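Peer 1: Got a structure for you, questions after.
The values are calculated or read from the model by the stated rules, or taken from the named source; none is laboratory data. None of the values given here were measured: they were computed from a predicted structure. Every residue, glycine as well, gets a Cβ built from its backbone with ideal geometry; the counts of neighbours run over all protein chains shown.
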Amino acid sequence: GTEVQTDYVPLLNSLAMYGWQLTCVLPTPIVKTNREGNLSTKQIVFLQRPALPQKTKKKESKVNNI
């Protein structure tokens, strides 16, 4: 008799532009009731993105002209 409503789509779409991907959603034991009697829970959302290749600096040889 319960209905679960979640809408992560706006969050995921905004973060996907930067390469973030949803990996896991963990429910927490925190439950709250609003004025209409609806229950809400808090959830922990884990995101990841691939590591970006690091830029390597070229070592420049220093030549002393004396």
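Peer 1: Are there any pairs with C-beta distances below 6 angstrom linking a residue in segment 8-28 that is exposed (fewer than 10 other Cβ atoms within 10 Å of the Cβ) to a residue that is among the basic types (Lys, Arg) and assigned to a strand (DSSP E or B), with the two at least 6 apart or on different chains, and if so which?
Peer 2: Pairs found: 28/42.
Peer 1: For segment 24-57, which positions are of a type in the set (Lys, Arg) and assigned to a loop (DSSP other than H, G, I, E, B)?
Peer 2: 35, 49, 55, 57
Peer 1: Okay, moving on. If we keep just the residues of segment 1-38 that are among the β-branched types (Val, Ile, Thr) and closer than 30 Å to residue 53 by Cα, which is modelled with the highest pLDDT? Full working, then the answer.
Peer 2: Taking segment 1-38 as the starting set, the residues that turn out to be among the β-branched types (Val, Ile, Thr) are 2, 4, 6, 9, 23, 25, 28, 30-31, 33.
So of that shortlist, the ones also closer than 30 Å to residue 53 by Cα come out as 9, 23, 25.
Working: 9: 87, 23: 92, 25: 89.
Checked segment 1-38; the qualifying residue modelled with the highest pLDDT is 23.
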